[in-house]
Amino acid sequence: MAITIASDEPEYARSPSLVATFSRRLLTDPVTLVAVLYLGLLCLVAIFAPLIAPNDPLAQSILQINLPPSRDHWLGTDQFGRDVLSRIIYGSRASLELGLISPLLAALGGSIIGMIGGYFGGIVDRVVGRLIDLLLSFPILLLGIIVAAALGPGFWNLVMALVLAFAPRFARIARASTLSIRNEPFVEAAVAAGVRHPTIIVRHILPNIAGSIAVLITLWISSAIQLEATLSFLGLGTEPPRPSWGNIIRDGLNNLFGSAWPIVSAGFAITLTVLAFNLLGDAVRDVLDPELKE
């Protein structure tokens, strides 16, 4: 008769951690590695913009209007004589801040609302579901325009507009995931043991839906950067003189035949950043999705 000797080490302890799995993904996928390196470099550029930018992004000079790229101005100057490269570097601050802050705040608020509705059910779930359906009926850009127009232009008003536009997307995912988890035996056991509802939500529901929310955050960061550029282009986003990639394109459009470098440079920066975040989102999804890890 064969004798099986059980190991003292639990099975889950031998499985690779998420950090190890993601690190292995970086080493085996050069495309993901390039995207992560680019985003890391972009964050460093935004943080140390005063040290990296070759010129003052707000300094104007009538003698340096619409200059082509040169040794002194690598990306030329705009219609006000401002250095385009310096404005692109400083503009990364506004675009990254909004791209990171608004999805994180939307994930926090939307996930709380979705988990409450999915966990308690009944009238609470019906109210939450109708509210989500109402907000989802508006296209994201239209809802952002309405809120930004109501609040007025400005960085933090734009953040609030995007939070309101993104929150129902997170709430829907959190609600659906909570509905599938709340009847699991470990949740029912916690309820039977008299554990308080907030504790159950935090300790049992949230860890099981965090993966889906994390993937959604990485994907909506790129959408937030695109929407910031769109709303700033329409004059409803970051207000001058603070540069952002969106208002750089708007200013460049008024001077398209004088110098196209502001539009080309800001558009290229937006494209690379959105692509990098999308690739990062795909990698995070592959790591967190249990079916893809099999």
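None of the figures in this text is laboratory data; all of them are computed from the coordinates on show. Computed from a prediction, not measured in an experiment: that's the story for all the values here. Every residue, glycine as well, gets a Cβ built from its backbone with ideal geometry; the counts of neighbours run over all protein chains shown.
Can you put Phe233, Phe138, Phe166, Phe257 in order of Cβ neighbours within 10 angstrom, beginning with the fewest? Provide the component values of the computation, followed by the final result.
Details: Phe233 19, Phe138 16, Phe166 28, Phe257 6.
Starting with the residue having the fewest Cβ neighbours, the order is Phe257, Phe138, Phe233, Phe166.
Computed about the Cα centre, the dipole magnitude for the stretch 26-94 is approximately 60 debye when only Lys and Arg (+1) and Asp and Glu (-1) carry charge, each at its Cβ. About its Cα centre, the dipole of the stretch 39-176 is roughly 420 debye, where the only charges are +1 on Lys and Arg Cβ and -1 on Asp and Glu Cβ.
Report the local net charge at Ile123: Lys and Arg +1, Asp and Glu -1, summed over other residues whose C-beta lies under 15 Å from its C-beta. Once positives and negatives cancel, what remains is +2. Kindly list the residues of the stretch 198-235 that lie in the label zone of Leu104, defined by a backbone N under 17 Å from the point 7 Å along the Cα-to-C-beta vector. Those under the cut-off are 213-225.
The relative contact order of the chain, computed from alpha carbon pairs under 8 Å that lie at least 6 residues apart in sequence, is 23 percent. The fewest-to-most ranking of Tyr90, Tyr38 by surrounding Cβ atoms within 10 Å reads Tyr38, Tyr90.
Shape analysis of the stretch 145-240 based on the Cα gyration tensor places the equivalent ellipsoid semi-axes at 38, 13, 9 Å, largest first. Inter-label distance, Ala150 to Ala192: 4.7 nm, where each label sits 7 Å from its Cα along the C-beta direction. Distance between the 7 Å Cα→Cβ label points at Gln79 and Arg130: 5.0 nm. Evaluated with a Cβ-only charge set (Lys, Arg +1; Asp, Glu -1), the chain carries a dipole of roughly 460 debye about its Cα centre, given to the nearest 20. Computed extension gain for Glu97 through Val31, at 0.36 nm per residue and net of the alpha carbon distance, reaches 21.3 nm. Stokes-Einstein, applied to the Kirkwood radius of the stretch 160-294 over Cα pairs at a viscosity of 1.567 mPa s and 4 °C, places its translational diffusion at 73 µm² s⁻¹. In plain terms, the bigger the Kirkwood radius, the slower the diffusion; for the stretch 54-160, with that radius from Cα pairs, at 37 °C and 0.692 mPa s, Stokes-Einstein puts D at 189 µm²/s.
One equal scatterer on each Cα of the stretch 215-294, no solvent, Debye formula: the resulting log10 I(q)/I(0) at q = 0.16, 0.18, 0.20 Å⁻¹ is -0.64, -0.74, -0.83.
When a footprinting reagent is the concern and you count Cβ atoms within 10 Å, what order do Val202, Val36, Val163, Val84 take, fewest first?
On the way: Val202 12, Val36 18, Val163 22, Val84 28.
Taking fewest neighbouring Cβ atoms as first place, the list is Val202, Val36, Val163, Val84.
Across the chain, Cα-Cα pairs farther apart than 33 Å form 38% of the total. Projecting the Cα positions of Phe257, Ile88, Asn157 onto the charge dipole of the chain (unit charges on Cβ atoms of Lys, Arg, Asp and Glu, taken about the Cα centre) puts Asn157 furthest along the positive direction.
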